[in-house]
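Notes follow once the structure below has been shown.
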Amino acid sequence: MSQFVTKAADAQPKAYSGVNFELLAVGEESMVTKMLYEEGNEVRPHDHPNEQSGYVVSGRYRLVAAGEETIIEAGDSYVIPGDVEHELEVLESGEVIDVFVPPREEYR
């Protein structure tokens, strides 16, 4: 097993605030997750000190960050600076890849 690669079979299934996700690669300074959103999931308004960058693989979502609302869908990407309040409503089920810097301790 490589110390640099997380194989698909080694992804760790997790859940946080009612949303299922897979914990993928985790380094000292960053973390990659695959969020497994189901239609109707809501990520309530929150903030965290971690910068969050994401890529929408599939699905459709209403993202509100710092009061700015945007519909995002497959192929879109985003970045949310640390300590910026944001929320997400899942309009159509899908997957999103998120990268957190530094890693989110509550996701480990």
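What residue, of V56, V64, is hydrophobic (A, V, I, L, M, F, W, C) and touching a Phe, Trp or Tyr at 6+ places or on another chain (Cβ under 9 Å)? Exactly one of V56, V64 is hydrophobic (A, V, I, L, M, F, W, C) and touching a Phe, Trp or Tyr at 6+ places or on another chain (Cβ under 9 Å), namely V56. Within the stretch 47-62, being outside any loop (DSSP other than H, G, I, E, B), under 19 Å from V32 (Cβ atoms) and not hydroxyl-bearing (S, T, Y) holds for E51, Q52, G54, V56.
Go through the stretch 69-108 and give me each residue that's open to solvent by 40 Å² or more (accessible area, probe 1.4 Å), part of a loop (DSSP other than H, G, I, E, B) and in contact (Cβ under 8 Å) with a residue 40 or more places away in the chain. E85, S93, P102, R108, listed by residue number.
Consider the stretch 1-46. How many of its residues are of a type outside the set (S, T, Y), closer than 19 Å to G59 by Cα and in a strand (DSSP E or B)?
Here is the first cut: in the stretch 1-46, the ones of a type outside the set (S, T, Y) are 1, 3-5, 7-15, 18-29, 31-32, 34-36, 38-46.
Narrowing further to those that are closer than 19 Å to G59 by Cα: 15, 18-22, 32, 34-36, 38-44.
From what is left, the residues that are in a strand (DSSP E or B) are 15, 19-22, 32, 34-36, 42-44.
So the answer is 12.
Quick check on this structure: which one of Q3, Q52 is open to solvent by 30 Å² or more (accessible area, probe 1.4 Å) and not charged (D, E, K, R)? Before the answer, list the steps.
Values: Q52 fails: open to solvent by 30 Å² or more (accessible area, probe 1.4 Å).
Result of the check over Q3, Q52: Q3.
Cβ-Cβ contacts under 6 Å between residues 6 or more apart (or on different chains), taken from a first residue in the stretch 30-47 that is surrounded by fewer than 14 Cβ atoms within 10 Å (Cβ to Cβ) to a second residue that is not in a strand (DSSP E or B), are listed as E38/S93; E39/S93; P45/E85.
Residues of the stretch 1-56 that are farther than 23 Å from V84 by Cα and β-branched (V, I, T): V5, T6.
The values are calculated or read from the model by the stated rules, or taken from the named source; none is laboratory data. Keep in mind the model is a prediction, meaning the values are calculated, not measured. Every residue, glycine as well, gets a Cβ built from its backbone with ideal geometry; the counts of neighbours run over all protein chains shown. What goes into the accessible areas is simple: the full protein's heavy atoms, side chains included, and nothing from ligands, DNA or RNA. Shrake-Rupley method; radii C 1.70, N 1.55, O 1.52, S 1.80 Å.
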